[in-house]
Amino acid sequence: MGDKGVKYLADVLRVNTTLITLELECNQIGDKGAQHLADALRVNTTLTTLDLGNNQIKDAGLQYLADALQLNRTLTTLKIGVNQFGDAGIQHLSDTIRVNTVLTELDLRWNAIGKKGTQYLADALRINKTLPTVQLEGNQVGDEGTQHLSDALRINTTITTLDLRNNQIGKIGVQFLADALRVNKTLTIVKLYNNKIGDAGLEYLAGALGVNTTLTILELGNNQIEERGAQYLADALRMNTTLTTLDLRCNQIGDAGTQHLADSLRSNKAIFAI
């Protein structure tokens, strides 16, 4: 489609009063196209879902969109995964999240958001009261970024789903997250697939699961978890009564680790999927 085609579409969005969903994934929109759409979002009052995934949008394009969302009062879902923005772009979006009161789903997967960008986002989430779903899969959050998010989770009472898959998070980062889960009362889904948690990190997480009463889905696949980690987890499952789904794919739990988990299921009546 390109930015010229997007301009035609954006001109229509300025006057259209019926369209609620616009999916423009994989269309080479770029920053100029994002600017056209942002200008339309300033006046459009009906669109609720906008998918701009995989469109070569960089920091400048995200800034246009962020500025528009400070005025827009109807868009609830923004999908901008698989683009090319980083910390500078996310800083502008975070400024918007501080004041926006309608966004309920934000897809930021597979961009270049690092620890600084995560800090901007975390600071905004301390204030935001309406955004329940944050998807950060495939960025560069790391341990330091996880610390920033975890500090926000101690205060935030809105987020229910946090996606941190593929983010280079190790035992230090998951310790910060585990400490937050001991006090957080709203998070129900945490996705940590393909990080570097290991047995040491899982010990921290298992300790939190022993006291957490809200988490229902936990994804821990491909995290270098072995027998000892499985035992930590099994001990936590004997106390936890709310976790219903546990993903342990692609680990190295082995027969002994499996036995620990199986023994815990004799008393745990909440888990229905592993």
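The figures follow:
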{"quantity": "Formal net charge of residues neighbouring D95 (Cβ-Cβ distance under 11 Å; K, R +1; D, E -1)", "calculated": "-1"}
{"quantity": "The chain shape via C-alpha gyration tensor axes, a/c threshold 1.5", "calculated": "prolate"}
{"quantity": "Estimated translational D of region 79-137 in µm²/s (Stokes, Kirkwood radius over Cα pairs; 10 °C; 1.306 mPa s)", "calculated": "141 µm²/s"}
{"quantity": "Lysine pairs in the chain with Cα atoms under 20 Å, if 8 or more residues apart or on separate chains", "calculated": "19"}
{"quantity": "Relative contact order, percent, region 16-113 [alpha-carbon distance under 8 Å, six or more residues apart]", "calculated": "28 percent"}
{"quantity": "Between region 201-274 and region 1-67, the alpha-carbon center distance in angstrom", "calculated": "43 Å"}
{"quantity": "Candidates per trypsin sites (Lys or Arg not before Pro) in region 1-88, loop by DSSP, up to 11 other Cβ within 10 Å", "calculated": "R73"}
{"quantity": "Peptides 252-262, 89-99 ordered by average Cβ neighbours within 10 Å, highest first", "calculated": "89-99, 252-262"}
{"quantity": "Nitroxide proxy distance, nm - points 7 Å out along Cα→Cβ at Q168 and Y8", "calculated": "4.2 nm"}
{"quantity": "Cα gyration tensor shape for region 1-107, rounded if a/c is under 1.5, else prolate or oblate", "calculated": "oblate"}
{"quantity": "Mean separation of Cα contacts under 8 Å, 6 or more apart, over the residue count of the chain: relative contact order %", "calculated": "10 percent"}
{"quantity": "Share, in percent, of DSSP beta bridges within the chain that are antiparallel, nearest 5", "calculated": "0 percent"}
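Rule-based calculations on the coordinates, nothing more; no lab input. Every value quoted in this text rests on a predicted model; they were computed, and no experiment measured them. Neighbour counts run over all protein chains shown; Cβ positions are idealised from the backbone, glycine included.
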